[in-house]
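Here the structure comes first, spelled out in structure tokens, and everything after it is commentary.
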């Protein structure tokens, strides 16, 4: 009778402990594995009279279960860490490649713009439709230029106050866009010219 009372007490205490642990653990994959281990331990507690009868040591089974759980969680943590590092490396590679492309475009356009158009190249920027830069996702090529200091004669400038976009006269801009499209083998629609004053 004493053995039965002890066994029932163990079962009740274990159930209380299991419910407490289940409430404390945050939801996620870890909780799923914790429930599995708690279920296995409950089976061990329920089968304790049989273990005593056949002289089986439940502590060994428990230790094995806990070791298996620890191994699973460590593997998951390692996989998450590897995936995070992989994503960081990919982002850094994309940024490096993008910088290399910008630099190559700058070097390719700087001399022709200076010699043929009498313009100074101030910057080249690329925008993409998606976070991963590629030729398929290229949305805009923004070329920032300004007149070379002291170049050419001063011509009359007309400013349209109603226009939202402050830019050079359309024929010159259109010609430059056409030249850039031909030079870079790109569609004219994705090329945008930004004009800056030489003093800026």
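Every number in this text was worked out from the coordinates using simple rules, so none of it is lab data. If you're wondering where the values come from, they're calculated on a predicted model, not measured in any experiment. No Cβ is skipped: glycine too gets one built from the backbone with ideal geometry, and neighbour counts run over all protein chains shown.
Paramagnetic label reach from residue 99 (point 7 Å along Cα→Cβ; backbone nitrogen cut-off under 18 Å): within segment 112-146, residues 123-127, 132-134. Ordering 25-32, 101-108 by mean Cβ neighbour count within 10 Å, with the highest value first, yields 101-108, 25-32. Annotation for residue 111 and residue 126: the two label points, set 7 Å from Cα along the Cα-Cβ direction, are 2.2 nm apart. Here the gap between residue 137 and residue 25, fully extended at 0.36 nm per residue and compared with their Cα-Cα distance, gives a gain of 36.0 nm.
For the pair residue 8 and residue 185, the difference between a 0.36 nm per residue extended length and the Cα-Cα distance amounts to 55.5 nm. The tail of the calculated P(r) for segment 2-87, taken as Cα-Cα distances beyond 15 Å, holds 67 percent of the pairs.
Give me the percent relative contact order of segment 2-87, please, defined on Cα pairs under 8 angstrom at least 6 residues apart. All intermediate terms of the calculation are to be shown ahead of the outcome.
Details: 25 pairs, mean separation 25.0, N = 86.
Dividing the mean separation by the residue count of segment 2-87 yields 29 percent.
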